[in-house]
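For reference, the structure is listed below as structure tokens.
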Amino acid sequence: MKNTKRYVYFAVFAILLTSFFGIRTLFNHNPVDQSEKEISESISKNKEIKVFFVELGSVGCVPCDKMQPIMKEIEEEFKDQVSVVFHDVKTEEGKPYIKEFGIRAIPTQIFLDKDEKEFFRHLGFLSKDEIIKVLRTQGVTE
């Protein structure tokens, strides 16, 4: 029983390690990729933005890829109130965000208020309905 448990833990660890440091896919398209400077500029230009929805993940990660259409829908439906940002943490450009945001697993969703203060964080896949609930806590309306 102990050995079986060890093998299960090892297998889970190996899967996580492989998904984190795995081979980059040929599809290295980041639908929404902004730097922190661009976020700050966006705040200055558009005072209506109430929430910054930051997704830290990677192209080719299954739960991360499942988040992409949801992020696009949120961006389209709440474009005047929510700024959606995606960082592929497996790219050279995205790696600094691992340390900056203290990422332990991908995907990670971080929600910042209009003053750029984190008010909610989630690890793993997050449904559109749950995202909308989080956005509503900051006064985002449809």
### Query
Counting other Cβ atoms within 10 Å of each Cβ, which trypsin sites (Lys or Arg not before Pro) in region 68-123 have at most 10 and sit in a DSSP loop?
R104, K117
### Query
Using a simple spin-label model with points 7 Å from Cα along the Cα→Cβ vector, what separation in nm is obtained for E76 and A105?
3.0 nm
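Just for region 38-142, what percent of DSSP beta bridges are antiparallel, to the closest 5? Before the final figure, lay out the partial values.
Working: 11 of 18 bridges.
Of all bridge pairs located within region 38-142, approximately 60 percent are antiparallel.
So if R0 is 41 Å, what FRET efficiency would D113 and E92 give, r being the distance between their Cβ atoms, rounded to the nearest 0.05? Don't skip to the end; give the middle numbers.
Values: r = 29 Å, r/R0 = 0.71.
According to the calculation, E is roughly 0.90.
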### Query
How large is ³J(HN,Hα) for each residue in region 101-110, as worked out from phi by the Karplus curve 6.51 cos²θ - 1.76 cosθ + 1.60 (θ = phi - 60°), to whole Hz, x for Gly and Pro?
9, x, 6, 10, 7, 10, x, 10, 10, 10
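Just so you know, all these numbers are worked out from the coordinates, no wet-lab data involved. None of these values were measured; they are calculated from a predicted model. Reconstructed Cβ throughout: ideal geometry from the backbone, glycine too, with neighbour counts over all protein chains shown.
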